[in-house]
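Structure, as structure tokens:
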Amino acid sequence: MENRSVTINYEDYGSREELDAADRALLDAAIEAVSGSYAPYSHFNVGAAVRLADGTVVKGANQENAAYPSGLCAERTAMFSAGALHPGVAMEALAVVCSREGALTPNPGSPCGACRQVMAQYEREAGKPMRIILGSGGHVWAFNGVESLMPFIFNDL
């Protein structure tokens, strides 16, 4: 038996003002996307924005449904929209923010496992890691690739 460990590297920014212009614009798009959230049950609003290789930004927001779990997370809403509207264009970056009662949460929220798996699929299709930016009312965390969030992804190969 061999004991092993996994190390996760990420960038921790004190605020979104510390991001470069492209990442800040993507995070601002995710913040705008929160307005499209439909969360009458959890009151937990999430916005996401995907930046494609051609510079296009596609937004998404969580959508709840009385027939739980028929809703969909903001991350998958944005990624699936990007995939449907811009087939074959690689997804370079994804920004996500969470909000309660009209204010960004004090700490970044983290995508669920299903969203991480979808990110992994689009990453594999692009042939390179996707930058993942998790924003909040305070710190912003940035990851280089989904394996930093989920090191043992399902792989059908």
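Read-outs: derived from the displayed coordinates by stated rules, not from any lab. All of these numbers come straight from a predicted model, not from anything done at the bench. Neighbour counts are summed over all protein chains in view; Cβ atoms, including those assigned to glycine, are modelled from backbone coordinates with ideal geometry.
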Expected max-MSF residue from PRO87, PRO129, PRO108 in the GNM of the chain (alpha carbon, under 10 Å) is PRO87
Comparing ALA29, ALA21, ALA126 in a Gaussian network model of the chain (Cα, 10 Å), the one with the largest mean-square fluctuation is ALA21
For region 4-157, the charge dipole (Cβ of Lys, Arg +1; Cβ of Asp, Glu -1; about the Cα centre) points to a positive end, and the Cα of ALA22, ALA39, GLY145 closest to that extreme belongs to ALA39
In deg cm²/dmol, rounded to the nearest 500, the helical mean residue ellipticity at 222 nm of the chain, built from -39500 (n - 2.57) for every DSSP H run of length 4 or more, is -8000 deg cm²/dmol
Of all DSSP beta bridges with both partners in the chain, the antiparallel percent, nearest 5, is 85 percent
By Cβ neighbour count within 10 Å, fewest first, SER15, SER110 rank SER15, SER110
Among GLU125, GLU64, GLU92, the residue with the largest mean-square fluctuation in a Gaussian network model of the chain built from Cα contacts under 10 Å is GLU125
To the nearest 20 debye, the chain has a Cα-centred charge dipole, built from +1 on Lys and Arg Cβ and -1 on Asp and Glu Cβ, of 260 debye
Ranked from fewest to most other Cβ atoms within 10 Å of their own Cβ, CYS112, CYS73 fall in the order CYS112, CYS73
Charge tally for neighbours of VAL46 with beta carbon under 12 Å away, counting Lys, Arg as +1 and Asp, Glu as -1, is +1
